[in-house]
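Asker: Below you'll find the structure I mean.
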Amino acid sequence: MAESRSADAIIDVVVALLESEGYDAVQLRLVAREARVSLATIYKLFGTRDELIVAAVERWMARNSCAPVPAPPPGESLYDGLMRVFRHVFEPWERSPRLLEAYHKARATPPGDRLEQQTMTIIEPAGRAVLAAGEPGYVSDIGLLLTNVAYAVVARFAVGEIDITAILPTLERAAYRLTANNEPAARAASAPAVAPRRAKRRPQHREGA
């Protein structure tokens, strides 16, 4: 019981540090002081800094971005269903951008696979419900493409290339392009450029000709 209380206090401190100052601010001596535990207690309960940060991000995700996805409303379109799932996941991250940066960095550490598994455990059932009526190959392709787009925009945000508010609009455009009838736009984009027609020169009339 005492160890459980200590672990909770430690994780609460780490989540607060991640939210306010970011991934690099999580130093074990600082965490021990803020949580009023010994450094030895942190090592005993979590082993490494990576394990501690992953545990903290897991806790935050369970309470926010990985809360259960609501059931789809009747008659929901494929596009609307995809965006409902994306908003459910990413709107909490928009309110806590440093946690998304921590998620991205922690996912690359040895225990970071747990974070991806936690996300997929929530998203996959919701995604299957959204895509249930589609042709299997089409569904598989859409899922793969949108997952890769999501990871790519998160990585760009984490290194400062885009603002966090650009993530959902990017996913929205990708989902639209993958689900809408894009043939007219594709034809317009691939049509060869037509050079302007040159006016025919009239022969000049010369006097005495």
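Asker: Any chance you could run the full-extension gain for E3 through Y138? It's 0.36 nm times the residue separation minus the Cα-Cα distance, nm to one decimal.
Answerer: This chain segment gains 43.7 nm when fully extended.
Asker: Now for a separate question. Determine the dipole magnitude for region 1-153: charges of +1 sit on the beta-carbon of Lys and Arg, -1 on that of Asp and Glu, nothing else is charged, the reference point is the Cα centre, and the result goes in debye to the nearest 20.
Answerer: Value, rounded to 20: 500 debye.
Asker: Okay, moving on. Net charge near E101: determine it from the other residues with C-beta under 13 Å of the C-beta of E101, scoring Lys and Arg +1 and Asp and Glu -1.
Answerer: That sum, taken over residues with Cβ under 13 Å, equals -2.
Asker: How much of the accessible area of region 1-89, in percent, comes from carbon and sulfur atoms when a 1.4 Å probe is used? Can you show the working numbers first?
Answerer: On the way: 2460 of 4660 Å².
About 53 percent, which is the carbon plus sulfur part of the accessible surface.
Asker: Still on this structure, please answer the following. Can you run phi through the Karplus equation (6.51, -1.76, 1.60; θ = phi - 60°) for region 67-73 and list ³J(HN,Hα) in whole Hz, with x for Gly and Pro?
Answerer: 5, x, 7, x, 5, x, x
Asker: Between R63 and I162, what length comes free when the chain is fully extended (0.36 nm per residue of separation minus the Cα-Cα distance, one decimal in nm)?
Answerer: Net length gain for the segment: 33.1 nm.
Asker: Still on this structure: In square angstrom, what is the accessible area per residue of region 116-165 with a 1.4 angstrom probe?
Answerer: Accessible surface, normalised per residue, equals 58 Å².
Asker: If we count every other residue with Cβ under 15 angstrom of P92's Cβ, Lys/Arg +1 and Asp/Glu -1, where does the sum land?
Answerer: Result for the neighbourhood of P92: +1.
Asker: Also, quick follow-up: Considering the Cα positions of region 1-141, please state its Rg to one decimal place and its Dmax as a whole number of Å.
Answerer: Over region 1-141's Cα set, Rg and Dmax evaluate to 17.9, 56 Å.
Asker: Just to be sure I understand the model, the point goes 7 Å from the Cα along the line to the Cβ. What's the resulting T170 to A71 distance in nm?
Answerer: Taking the two extended label points, one gets 3.5 nm.
The values are calculated or read from the model by the stated rules, or taken from the named source; none is laboratory data. In this text the structure is predicted, and so the values were computed from the model without any measurement. Methodologically, a virtual Cβ is constructed for each residue, glycine included, from the backbone with ideal geometry; neighbour enumeration extends over all protein chains shown. Side chains included, ligands, DNA and RNA excluded: accessible areas come from the protein's heavy atoms. Shrake-Rupley method; radii C 1.70, N 1.55, O 1.52, S 1.80 Å.
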